[in-house]
Amino acid sequence: MGLEAVGARGEQAAELRQAVGKAALAQAEARREFIHHVLPRADCGRVAVDRDQTPAAAQLGNEERGVAARAESLGDAAGLKNLGVHLITVAPGSRSTEYHFHHYEEECVYVLSGHGTAVLGDQSHAIGPGDFLGHPIDHVPHEMINDGTEPLVCLVIGQRLTQDITDYPRKGKRLYRHSGARSLVELAAIKAG
């Protein structure tokens, strides 16, 4: 096969990838309305968790930072053990979580309704219905702020590994989690030692 044929195949492959990408986006756009209306009504014995009432939230002092998200654990209700799936509602003027990043667990967010701002490191991005946020293991801290006038409702999905380390840069803290045990320590103490 000549170099011309290889080049032509490469161009065809690129065109195909572009067409598939456009088709996938169109399908996702068409499904947004379906997802928005069906998911919040899913009733499978949801487990409600107030994120401000967790031990880590109490230790971090989230009440001072305006972290107020209500989470319904759809994954727990469905019996999932290795994947966390939560339907969260963030009140206007509140934050989804304390600004953080995970060392081992990846997570993602799909915005169902409402508007807000996603803070990723030192950048801020407006978010709204249909937006998807992926948080790979890249040590970029993140949080969502509901700066809109209606509740910000999102589907949050993340791994549930046996162990994880979560850093909270604004608080100067690190949370170690292993087999259900949690230990919150000062980042300064780790770096000094």
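The values are calculated or read from the model by the stated rules, or taken from the named source; none is laboratory data. These numbers were taken from a predicted model, which means no experiment stands behind them. Please note: Cβ atoms are built from the backbone with ideal geometry, for glycine as well, and neighbour counts cover all protein chains shown. Remember, those area values only see protein heavy atoms, side chains included, never the ligands or the DNA or RNA. Shrake-Rupley method; radii C 1.70, N 1.55, O 1.52, S 1.80 Å.
Can you go through T166, T149 and tell me which one is among the hydroxyl-bearing types (S, T, Y), assigned to a loop (DSSP other than H, G, I, E, B) and more than 12 Å from the chain's Cα centre (by Cα)?
Result: T149 is the single residue among T166, T149 that is among the hydroxyl-bearing types (S, T, Y), assigned to a loop (DSSP other than H, G, I, E, B) and more than 12 Å from the chain's Cα centre (by Cα).
Does the range 152-160 contain any residue that is more than 21 Å from V85 (Cα to Cα) and β-branched (V, I, T)?
Among the residues of the range 152-160, not one is more than 21 Å from V85 (Cα to Cα) and β-branched (V, I, T), which makes the answer no.
Pairs please, first residue from the range 173-184 and outside any strand (DSSP E or B), second anywhere and surrounded by 12 or more Cβ atoms within 10 Å (Cβ to Cβ), Cβ atoms under 8 Å, 6+ apart in sequence or on different chains.
What qualifies is S179/Q163.
Looking at the range 68-88, I want the residues that are β-branched (V, I, T) and have a partner that is open to solvent by less than 50 Å² (accessible area, probe 1.4 Å) and assigned to a helix (DSSP H, G or I) with Cβ atoms under 8 Å, at least 6 apart or on another chain. Which pairs are those?
From the range 68-88, the pairs are V85/L74; V85/G75.
Residue by residue, here is whether (1) out of contact with any Ser or Thr (no Cβ under 7 Å at 6 or more places or on another chain); (2) modelled with pLDDT under 95; (3) among the hydrophobic types (A, V, I, L, M, F, W, C) holds:
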{"site": "Y104", "(1), (2), (3)": "yes, no, no"}
{"site": "C108", "(1), (2), (3)": "yes, no, yes"}
{"site": "A126", "(1), (2), (3)": "no, no, yes"}
{"site": "D138", "(1), (2), (3)": "yes, yes, no"}
{"site": "P141", "(1), (2), (3)": "yes, no, no"}
{"site": "T166", "(1), (2), (3)": "yes, no, no"}
{"site": "G180", "(1), (2), (3)": "yes, yes, no"}
{"site": "L187", "(1), (2), (3)": "yes, yes, yes"}
{"site": "A192", "(1), (2), (3)": "yes, yes, yes"}
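Hey, can you tell me all the residues within the range 144-193 that are among the basic types (K, R) and open to solvent by less than 60 Å² (accessible area, probe 1.4 Å)?
Within the range 144-193, K171, K173, R174, R177 qualify.
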